[in-house]
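Each remark here refers to the structure printed beneath this line.
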Amino acid sequence: DQPAIAAAADYFFEGGLLGPVVALATGAFPFGRTEHVRASLGYVGSFLDADWNVILFPEGTRSPTEQLGPFKSGIGLLATQLGVPVVPVGIRGAHAILPKGAKLPRRRGRVRLSFGPPVTFQPGCTAQEATARIEAAVRVLLDP
């Protein structure tokens, strides 16, 4: 399966060459954080239907402190509406390499990824419940 990375449309894909470069280098696609959110969620569904693995950053932004922020409800909505499992991933070290506000990496460094077991959702699970479960699963991975 191929990965598709949801990248902030308003940050990476508005004007200039950064969006196309990011898309070519990483397989990223524009994801609307504040505008065209429903269309972006539909776009994710299209990737999943085509057997792609979609990588989402459910905080909607990079943390200025590397501390995990609250998750947006879109991740829970996708999980419950599309009936897909979510693999939680904890990311450490990315903040030093690509801090909030930077469009390109600032320096080299190590990034640590921790993967948790897939989180699945029973019919009737609300988007809010799913969001809370996914966030909790990621927080466990980031505990020292």
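A few comments on the model shown:
- Selection over the range 27-48 of residues that are open to solvent by less than 70 Å² (accessible area, probe 1.4 Å) and either more than 25 Å from Gly83 (Cα to Cα) or touching a helix residue (DSSP H, G or I) at 6+ places or on another chain (Cβ under 7 Å) (or both) gives a count of 10.
- Residues being exposed (fewer than 15 other Cβ atoms within 10 Å of the Cβ), under 16 Å from Gly60 (Cα atoms) and not basic (Lys, Arg) - total across the range 90-127: 2
- Residue in the range 10-25 that is more than 22 Å from Arg133 (Cα to Cα), part of a loop (DSSP other than H, G, I, E, B), aliphatic (A, V, I, L, M) and without any contact (Cβ under 8 Å) to a residue 40 or more places away in the chain present: yes
- Residue list for the range 90-120, restricted to those being among the charged types (D, E, K, R) and part of a loop (DSSP other than H, G, I, E, B): Lys100, Lys103, Arg106, Arg107, Arg108, Arg110
- Number of the condition not met by Asp51 [criteria: (1) open to solvent by 70 Å² or more (accessible area, probe 1.4 Å); (2) out of contact with any Asp or Glu (no Cβ under 9 Å at 6 or more places or on another chain); (3) touching a residue at least 40 places away in the same chain (Cβ under 8 Å)]: (2)
- Just one of the listed residues (Arg107, Arg139) is in contact (Cβ under 8 Å) with a residue 40 or more places away in the chain and basic (Lys, Arg), and it is Arg139.
The values are calculated or read from the model by the stated rules, or taken from the named source; none is laboratory data. What you are looking at is a predicted structure, and each value in this text was computed from that prediction instead of being measured. Here the Cβ is made from the backbone with ideal geometry for all residues, glycine too, and neighbour counts use every protein chain on show. Side chains are part of the model used for accessible areas, which takes the heavy atoms of the whole protein and leaves out ligands, DNA and RNA. Shrake-Rupley method; radii C 1.70, N 1.55, O 1.52, S 1.80 Å.
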